Structures are given as structure tokens and as C-alpha cells.
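Read the structure below first, then the notes.
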Amino acid sequence: MKSAYNYLKKEISENATIIAAISGGADSMALLHLLLTLKETKAINIICAHVNHNIRKESATEAKMVEKYCKKNKIIFESMTIEEYQGNNFENEARTKRYVFFEQLVHKYNATYLMTAHHADDLIETILMRIVRGSTLKGYAGFEKETEKNNYKIIRPLINVTKDEILKYIEEFDVDYANDESNMSDDFTRNRYRKYVLPFLKKEDANVHEKFFKFSELLIESNRYIEEQSKKEIKKVFKDNVIYIEKFKKNDEVIQDRIINYIMQEKYKNDLTLITDVNKKVLVDLINSEKPNTYVYLPNDLKAIKAYDEITFEGELKKEERYKIKFNDCVKLPNGKKIEMISDNDEKSNFICRLNSKEITMPLYVRSKQDGDVMEVKGLSGRKKIKDIFINEKISIKERERWPVLIDDNDNILWLPGLKKSKYDKSKKENYDIIIKYY
């Protein structure tokens, strides 16, 4: 504990306000006592933040014990109770709610530091659990001694202190603490590592925690370097919602993986649980696909659309968003263009259509494409799929979704504006009474 005290004495600035996350267990109460000891030689403000997880019957008693300790030592006591849990993952939900509460206190008191009582044994357990479960380079490192946040810093001053050292400290200074019996239950994964794996490692090497700390630091430094390199490449590869495939492929796989992670985090910042290996592979497979025009669906109706060397993202065009507009005079289309009835024009291009109202069923409509659309193309025999026309004309998947299709009241496709005319189109020499322009 002496090393933790010396670290705090050196690093913590005068008049700093510290939010201390205190559960009431031995680890956090040792941290709180350590901060009180520091306060004897340095002007600091301590705010005790306690969360009642409302899971065990002893929780309320433990909250009162912490509050009583704070009152005795003139420490501001702040608490919250988690009334109910929404999902099945209790630990993740509880952690999220805890840190929301801690951040609120940081802002309320304009705190410089948030401190937690994670210690050396916790670090070993976390690293081993993530190795077995699978994680990222950053994940395998466990947790850092210091983590920079917006306008404050998270510090874990006990990261080099073992559980045995903490218990000796608690006993030496006669610090009250609560003993959570559920910490010994084999029902929880971490407890099994604590009871069976950790004692074996400590028996092999009494200083094993030092080796794990160095291992963690090495991974953190390696990860930091890769992150810096990745950020440089991300700016080149992913801009304005577009992945540039050739630029992406020029990077090593480790950098490619970071770029994919960054993109997925951008797209799912509100629900990071959607970032799975399966979903990342779907995106990587799209990038490496030999098809020039294709797409994949990602969670939350996100569509990744590949068009040659680019991939863009957009929400899926749902049925209710597909358009069908009755056409009388002039229509502004979802793709930003217009279709307009005009009185005369000498053009012969695919941007002009001439029709005879006696050969079609009025009124006319402009709609988006539908699955299975076919048209009888002018000058060709038989029917041709609209999908094939788009492919032949090299129209990207993204553009196809909103490309206008002119139909009559019987859903006959009369014109694919700008691309192809149907058999219903008339030349200047034939009889027609409708002229339409696409621009």
C-alpha cells in the first residue's frame, strides 16, 4: 500500500476533487482510508460515490455502513440505488449505470479524478478471463492504471497492490468493511478464477502480479502505437460515410481490423453490443467481394452498398419509404431530379419520352423500382429485367434504390428515365400527345 500512497502523493494535485467509487468492500474501504491519509498532508476534496445494486438483502446495511464512515470522517457521501434491471446481462447493465452515476458526480463537483479500487488480483483475473473468452489487443491488457476522459482522469491506484496486502492494511488500521459472501460463490466466473486459478499462479510465483502488470503495460503500449497508425489511415480510407476499398486494402491486416472496428463503432455508437465478429466479417467479405455492385445488410436496418471501389452506408429503403407519385405536370423526385410534362422538344435522348395516351392507361405514376420489374425495351423483342438494365448501365446499388420508373395505371413500365425507353415511346414522326422530360 505504501507504493500506492507514494503514487497518489506524487500525482494528485493540490485542491483536487476526487470522486471515490466505494462499494463498502475491503478494497474500496482501503482506498478511502488511503485518501483520508493523503488528505492529512495534501489539500484534497473527497466525494464518496456508493451504488446500491439492490441484489442482496445486505446491500442497504452496507450503504449505511459506508455513509456512517463518511459522516465520521467528514466526507461528502453520494449514493444511488438501482431499482430495476432491464436486460439479462446484470453485470454489464450495473456497470453502465454505475459509471453514468460517477460521471454525473464528476460534473456536479467539477472533479479532477475518478478513483476505483481495482487491484493486482483483479487485473490478473480480468486478463485470464479475456484470454479464455476471446478479446482484442486492448481487451487482453485488462485495465490501465490511468485512463484519460473528457476533463477528468480515471485512476486505479491499487493496481499494483495484491488482495493480501489490502487485507493486511485493513487489519492494521482497523478499517470497517463489508464482506460480500457472493464473492465466494462458484456461480460467478470471476470467483472461480479467484478461488482456483489465482492461488495456483501465486504458488508458482509469489510475484506473479508484477509479471501480469508488465504484460498489461506491454499490450497497452503496443495497442497505443497501432491505434496511432490506424487513425492516420482511417482518415484516408473512411471519409464522408464512404469506404475507399483500394486504400483500405493497402493496409496490413492488423490496421484493416482497426479500421473496421472504428467504422462499426461509428455506426453502432448507441449499441456497441451489435459489434460482433460475425457482423465485422460480413463487412470485410463485402470489401473483398469480386462483385463490382452488391450490398449486405447489417444490424438495425443498415445497408452497406458496394459500387466498384466504394462502399457507402444507408438505412434500408423500407416499403413505406418507397415512393409512388401520381404524375400530372411536374414531379420533384427523391433523387433530387425532376420529371416534367413539356409542350415541345426536338431531343431524341433517353431524357425525353413521347407517349400516346390512347395506347396506355391513364393516369401516369412515377415510382421506385420493385423486385421482379420488367419492361419491353424499345427496339428489342421480349421483356428485359430492370435489374439487368441497371447492371448493364453500371448503375450503383445505391442509385438503383431511388431511380425513377414511369408507369401507367396498369403498372406497365413506360420509361426508365435517362436509361431506356419502352415500346410505348414514340418518335417525332409518330402520333403522340404527351412529352415528358427528365432532368
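Laboratory data are not the source of any read-out in this text; all were calculated from the coordinates shown. Just so it is clear, the model here is predicted, and its values are computed rather than measured. As a convention, Cβ positions derive from the backbone with ideal geometry for all residues, glycine included, and neighbour counts pool all protein chains shown.
Rounded to the nearest Hz, the phi-derived 3J(HN,Hα) couplings of region 16-21 under the Karplus curve 6.51 cos²θ - 1.76 cosθ + 1.60 (θ = phi - 60°) are 6, 9, 10, 8, 9, 7, where x marks glycine and proline. In order along region 25-40, the Karplus-derived 3J(HN,Hα) couplings, from 6.51 cos²θ - 1.76 cosθ + 1.60 at θ = phi - 60°, round to x, 4, 4, 6, 5, 5, 4, 4, 5, 4, 5, 5, 5, 5, 5, 5 Hz, and Gly and Pro are given as x.
Between the helical axis of 2-11 and the longest alpha-carbon principal axis of the chain there is an angle of about 60 degrees.
If the segment from Tyr225 to Lys338 were pulled out straight at 0.36 nm per residue, it would be longer than the present Cα-Cα gap by 35.6 nm. Taking Phe77, Phe248, Phe188 in turn, the Gaussian network model of the chain (Cα-Cα springs below 10 Å) assigns the largest fluctuation to Phe188.
Relative contact order (percent) for region 240-315, with alpha-carbon contacts under 8 angstrom and 6 or more residues of separation?
On the way: 81 pairs, mean separation 23.7, N = 76.
Reported as a whole number, the value is 31 percent.
In this structure, the pairs whose alpha-carbon distance is over 30 Å, taken from Lys145/Lys250; Lys39/Lys153; Lys68/Lys211; Lys138/Lys195, are Lys145/Lys250; Lys68/Lys211.
By DSSP, the beta bridges lying fully in the chain are antiparallel in about 70 percent of cases. A Gaussian network model of the chain, with springs between Cα atoms under 10 Å, assigns the largest mean-square fluctuation among Glu91, Glu217, Glu78 to Glu91.
Ranked by how many other Cβ atoms sit within 10 Å of their own Cβ, fewest first, the residues Met264, Met29 fall in the order Met264, Met29. For the residue pairs Lys281/Lys338; Lys326/Lys387; Lys337/Lys358; Lys280/Lys337, the alpha carbons lie more than 31 Å apart in Lys281/Lys338; Lys280/Lys337. Reducing region 245-266 and region 268-299 to their Cα centroids gives an inter-centroid distance of 12 Å.
Computed extension length for Cys330-Asp409: 26.7 nm, one decimal, from 0.36 nm per residue of separation with the Cα-Cα distance subtracted. Taking 18 Å as the straight-line reach from the Cα of Lys239, the aspartates and glutamates in range (excluding those fewer than 8 positions away in the same chain) are Glu227, Glu228, Asp257, Glu266, Asp309, Glu310, Glu314.
Note down the relative contact order for region 47-192 as a percent, whole number, built from C-alpha pairs under 8 angstrom at least six residues apart.
About 19 percent, as a whole number.
Close amide-amide hydrogen proximity is noted between Asn293 and Tyr308, each under 5 Å apart and 5 or more residues distant or on a separate chain (H modeled in the peptide plane; Pro and chain starts excluded). Listed by chain and number, the lysines whose C-alpha is less than 18 Å from the C-alpha of Lys42, apart from same-chain residues fewer than 8 away, are Lys2, Lys9, Lys10, Lys74. Among the listed values [x] 1.28; [y] 1.03; [z] 1.47, the one computed from these coordinates for Cα Rg over 2.2 N^0.38 Å is [z].
Of all DSSP beta bridges located in region 2-217, what percent are antiparallel, nearest 5? Before the final figure, lay out each step's value.
Values: 4 of 22 bridges.
Rounded to the nearest five, the antiparallel share is 20 percent.
Contact order, relative form, for the chain: 11 percent (alpha carbon pairs under 8 Å, 6 or more residues apart, mean separation divided by residue count). When Rg and the Kirkwood radius Rh are both evaluated on Cα atoms of region 322-438, their ratio Rg/Rh stands at 0.92. The simple spin-label model puts a point 7 Å past each Cα toward its Cβ; for Ser357 and Ile55 those points are separated by 7.4 nm. Normalised radius of gyration (Cα atoms, divided by 2.2 N^0.38 Å) for region 240-315: 1.02. When only alpha carbons of region 2-217 are considered, Rg and Dmax amount to 17.0, 47 Å. In whole angstrom, note down how far apart the Cα centers of region 57-109 and region 178-220 are. Between the Cα centres of region 57-109 and region 178-220 lies a distance of 25 Å.
Spin-label model, Asn288/Asn392: points 7 Å from Cα along the beta carbon direction are separated by 3.4 nm. Of all the options Asp122, Asp187, Asp257, the one that moves most in a Gaussian network model of the chain with Cα springs shorter than 10 angstrom is Asp187. For Lys378, nonlocal amide neighbours, meaning residues 5 or more places apart or on other chains whose placed amide H falls under 5 Å from its own, are Lys421, Ser422, Lys423.
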